[in-house]
Amino acid sequence: MRRRHFLAGALAAPATAALPPAAALLSACSADRRRRSADGTITLRFQSLAWQQESIAVNKQLVAEWNAANPKIRVSYVQGSWTGVHDQLLTAFEGGEPPDIIHDATDDLADFAYGGSLADLTGLLPRRLEEDIPQESWGTATFGDGIYGVPFLQEPRMIMANRALLEAARVRIPTARDPWSWEEFEEVAGRLTRKGTYGVAWPLKEPVSATLNLSLSTGGRLFHRGADGKVTIRFDAAEQAVPAVIHRQLGADRTGSRTTLGMGGSDTLPGFFGGKYAMVPLGFSYRQQLVQQAPKGFAWTVLPAPAGPGGDQRQGVSPQTLSIAEDCPYKEEAARFIDFFLRPRNMVRLARGDWLLPTGTRALADPALHTREHGWATGTALAPALRPAPAQTVRGYPEWKDKIATPGLQEYYGGEIGMEELRDRLVDDGNLVLARYQR
């Protein structure tokens with residue numbers, strides 16, 4: 001599992017914020033004493049959410065390398081988990097004991113950034129790092145006028161396909177330079193659908209992220225920010241295009257399996273290996289599971305997601321980030337560690353360990369990420385088209401997603417409601433939810 005479910009609601013201010021100035025100062029001094037030894041050595045706590053063995057090993061190795069080179073600025077590695085990380089951090093912030101350096105993802109930062117729990121990194125980071133990461137990526141961690149995280153790993157959605165079935169159907173194999181259109185994708189799914197085999201399996205246990213992020217290719221934005229800074233929801237033709245394709249495949253066309261509606265990505269792999277599904281849209285990191293679990297002789301390939309009008313390959317991503325807690329008494333030292341951790345060579349090591357793409361341009365240029373093996377080159381070629389996920393800075397999004405969008409999309413994809421009813425729920429009910437967060 002790569003992501004966590006988080007509860008709705010605005011983040012309460014950090015505990016010290018409610019204290020009178022003198023008490024807050026005493027709290028800061030106490031924190032300083034706890035983490036500075038008699039010889040002047042300071043200790044920074046780094047909570048990592050790495051979960052794959054390769055990734056954990058790389059994270060720990062980088063911490064060890066830093067500590068060997070910086071004996072007066074020690075970094076203590078703390079193993080966290082994506083599961084429940086939002087609530088864990090919320091508790092830590094409210095209790096005044098957050099990690100100094102925080103590994104998270106941009107779609108989880110908004111409440112912490114607006115609530116004052118994360119430090120604004122503006123002016124703390126070296127120019128090298130600022131210039132190496134594209135502005136599109138920095139935009140994912142920018143809230144208001146501040147930058148509250150360094151985006152360093154990102155995951156596009158790809159199509160994992162059964163190579164033998166593609167060849168048997170004699171379909172055109174898409175490339176990053178010449179992808180399928182959504183119309184061609186529908187046609188290919190039909191040609192791949194045969195007795196005992198569906199052309200595509202959409203794992204839609206959590207349908208919101210896939211729907212919104214892929215809809216960027218058709219010009220769908222859904223969330224529109226007005227001149228007054230307030231966000232409203234619109235669900236027009238551009239936003240409806242991708243959901244309509246999925247709906248047709250699962251319904252009238254019968255080229256998609258309805259049994260995968262309640263599945264996560266990993267749940268579809270046995271059927272994929274067994275020839276039940278010819279294609280499965282999955283995150284880039286699922287390639288590791290394919291390498292580890294595919295039966296001997298099973299040939300699979302990584303294809304780019306379909307493109308919208310004019311070959312538009314944009315899709316939304318929520319990169320993993322490194323942030324600094326506002327309560328951290330050693331922000332400059334923490335920023336130095338982040339700079340070391342995300343040097344181009346180290347960013348490549350982190351990307352390969354997590355089977356993801358780095359955000360840094362120098363890391364993306366590394367030959368290790370341009371090999372055809374396991375689809376690395378296909379994913380890397382799509383990096384310029386990755387954009388901030390549509391809901392990135394929208395307050396109230398978690399509640400809208402959990403209470404409105406997830407059940408609405410599941411019922412739509414399951415054939416229980418039509419597009420008009422889906423639109424009413426996403427827009428009318430959704431705008432009521434967002435309005436409460438924007439008063």
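The values are calculated or read from the model by the stated rules, or taken from the named source; none is laboratory data. Computed from a prediction, not measured in an experiment: that's the story for all the values here. Counting neighbours? That spans all protein chains shown, and the Cβs are built from the backbone with ideal geometry, glycine included.
Going through (1) more than 30 Å from ARG254 (Cβ to Cβ); (2) assigned to a helix (DSSP H, G or I) one by one, LEU426 falls short only on (1).
Of the residues making up segment 392-415, those that are in a loop (DSSP other than H, G, I, E, B) and either buried (at least 22 other Cβ atoms within 10 Å of the Cβ) or under 21 Å from the mean Cα position of the chain (by Cα) (or both) are GLN392, THR393, VAL394, ARG395, GLY396. Considering only residues of segment 262-303 that are in contact (Cβ under 8 Å) with a residue 60 or more places away in the chain and among the charged types (D, E, K, R), which is nearest to TYR412 (Cα to Cα)? Looking at the filtered set, the residue picked out is ASP267.
For segment 307-326, a residue qualifies if it is buried (at least 24 other Cβ atoms within 10 Å of the Cβ) and not in a strand (DSSP E or B), and exactly one does: PRO319. Among the residues of segment 279-292, those that are out of contact with any Ser or Thr (no Cβ under 6 Å at 6 or more places or on another chain), surrounded by 14 or more Cβ atoms within 10 Å (Cβ to Cβ) and not hydroxyl-bearing (Ser, Thr, Tyr) comprise MET279, PRO281, LEU282, GLY283, PHE284, ARG287, GLN288, GLN289, LEU290.
Screening ASP120 against (1) surrounded by 17 or more Cβ atoms within 10 Å (Cβ to Cβ); (2) within 18 Å of PRO344 (Cα to Cα) leaves a single unmet condition, (2). In segment 150-222, counting only strands (runs of 3 or more DSSP E) that sit wholly within it, the ones holding 2 or more residues that are within 30 Å of ASP236 (Cα to Cα) span 157-162, 198-200.
Yes/no matrix, rows are residues, columns are (1) aliphatic (A, V, I, L, M); (2) without any contact (Cβ under 8 Å) to a residue 60 or more places away in the chain; (3) outside the structural domain of ARG36 (by TED's automatic domain parsing):
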position	(1), (2), (3)
ALA307	yes, no, yes
ALA325	yes, no, no
ASP339	no, no, no
ARG345	no, yes, no
ARG352	no, no, no
THR359	no, no, no
ASP366	no, yes, no
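Taken together, LEU204, LEU216 contain a single residue that is of a type outside the set (Asp, Glu), within 27 Å of GLY274 (Cβ to Cβ) and assigned by TED's automatic domain parsing to the domain that holds ASP424, which is LEU204. When only residues in segment 395-415 that are in contact (Cβ under 8 Å) with a residue 40 or more places away in the chain and small (Gly, Ala, Ser) count, which is farthest from LEU109 (Cα to Cα)? Residue satisfying both the conditions and the ranking: GLY415. In segment 318-330, is there at least one residue being closer than 26 Å to ILE133 by Cα, touching a strand residue (DSSP E or B) at 6+ places or on another chain (Cβ under 8 Å) and modelled with pLDDT under 95? The answer is yes; a qualifying residue exists.
Listed here are the residues, each with its yes/no results for (1) under 21 Å from the mean Cα position of the chain (by Cα); (2) among the aliphatic types (A, V, I, L, M); (3) crowded, with 18+ Cβ neighbours inside 10 Å.
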position: GLY144; (1), (2), (3): yes, no, no
position: LEU166; (1), (2), (3): no, yes, yes
position: ASP178; (1), (2), (3): no, no, no
position: ARG194; (1), (2), (3): no, no, no
position: TYR198; (1), (2), (3): no, no, yes
position: GLY219; (1), (2), (3): yes, no, no
position: LEU222; (1), (2), (3): yes, yes, yes
position: PHE235; (1), (2), (3): no, no, yes
position: ALA238; (1), (2), (3): no, yes, yes
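At pLDDT 95 or above and more than 30 Å from LEU434 (Cα to Cα): is that true of SER217 in this structure? When the stated conditions are applied, SER217 does not pass them.
Here's the yes/no breakdown for (1) in a helix (DSSP H, G or I); (2) farther than 17 Å from ARG191 by Cα; (3) of a type in the set (S, T, N, Q):
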site: PHE235; (1), (2), (3): no, yes, no
site: ALA238; (1), (2), (3): yes, yes, no
site: ASP253; (1), (2), (3): no, no, no
site: THR259; (1), (2), (3): yes, yes, yes
site: GLY262; (1), (2), (3): no, yes, no
site: THR268; (1), (2), (3): yes, yes, yes
site: ARG287; (1), (2), (3): yes, yes, no
site: LEU290; (1), (2), (3): yes, yes, no
site: ALA305; (1), (2), (3): no, yes, no
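List every residue pair whose Cβ atoms lie under 6 Å apart, where the two residues are 6 or more positions apart in sequence or sit on different chains, the first residue falls within segment 32-50 and is farther than 30 Å from TRP355 by Cα and modelled with pLDDT of 80 or more, and the second residue, located anywhere, is assigned to a strand (DSSP E or B) and hydrophobic (A, V, I, L, M, F, W, C). Partner pairs satisfying both residue conditions: ARG36/ILE42; ILE42/ILE73.
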